[in-house]
Amino acid sequence: MKKVIKYQDLARILLGAFLVFAGTSHLTFARGEFQAQVPDWVPLDKDLTVVLSGGVEISLGLALMLWAKQKKLTGIVAALFFIAVFPGNISQYTHKRDAFGLDTDHKRLVRLFFQPVLVGWALFGSTALNKPLAPKGENEP
């Protein structure tokens, strides 16, 4: 029997890789950029917040890519993480903070609409409604 990659599995693995990259950038080259997104009301130091969230992103990304048996759980946790960090995107917009090339109100506003896409992506990749990538008939033993 041929093993096929399913759309949801591919989505989950790609999101995991994206999270590992984003988390690594939190800890290295984009650290200052991420600090611009930390709302002033967060009770932790901005740099510590960025480091901790980067660690969470790396952990979530690895879990999404490598822990297929718990894909539903990791997908839900990733979706909740994207919801939890959304206030940072709102803060960047409302305080007009430039970061990641988001240097106009319009760009910062458009960015807000990508967070629900990430939530949906995490949930899509964790569902049991998998469809194979292989053409019809190639999935059969």
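The values are calculated or read from the model by the stated rules, or taken from the named source; none is laboratory data. Note that the structure is a prediction, hence the values are computed from the model and not measured. Neighbour counts are summed over all protein chains in view; Cβ atoms, including those assigned to glycine, are modelled from backbone coordinates with ideal geometry. Accessible surface is based on the protein model in full, side chains and every heavy atom, while ligands, DNA and RNA are left aside. Shrake-Rupley method; radii C 1.70, N 1.55, O 1.52, S 1.80 Å.
So which residues in the range 82-107 are open to solvent by 30 Å² or more (accessible area, probe 1.4 Å) and under 14 Å from the mean Cα position of the chain (by Cα)?
If the condition is that a residue be open to solvent by 30 Å² or more (accessible area, probe 1.4 Å) and under 14 Å from the mean Cα position of the chain (by Cα), then 83, 84, 85, 86 are the ones that fit.
What number of residues in the range 56-81 are open to solvent by less than 30 Å² (accessible area, probe 1.4 Å) and of a type in the set (Ser, Thr, Tyr)?
Within the range 56-81, residues that are open to solvent by less than 30 Å² (accessible area, probe 1.4 Å) and of a type in the set (Ser, Thr, Tyr) number 1.
Report, by residue number, each residue of the range 23-55 that is out of contact with any strand residue (DSSP E or B) (no Cβ under 6 Å at 6 or more places or on another chain), closer than 13 Å to residue 88 by Cβ and open to solvent by 50 Å² or more (accessible area, probe 1.4 Å).
35, 40, 41, 44, 46, 52
I'd like to check which helices (runs of 4 or more DSSP H) are fully inside the range 1-114 and have at least 2 residues that are touching a Pro at 6+ places or on another chain (Cβ under 7 Å).
Ranges flagged: 71-94.
Do we find a residue being in contact with a Leu (Cβ under 6 Å, 6 or more places away or on another chain) and open to solvent by 40 Å² or more (accessible area, probe 1.4 Å) anywhere in the range 1-8?
yes
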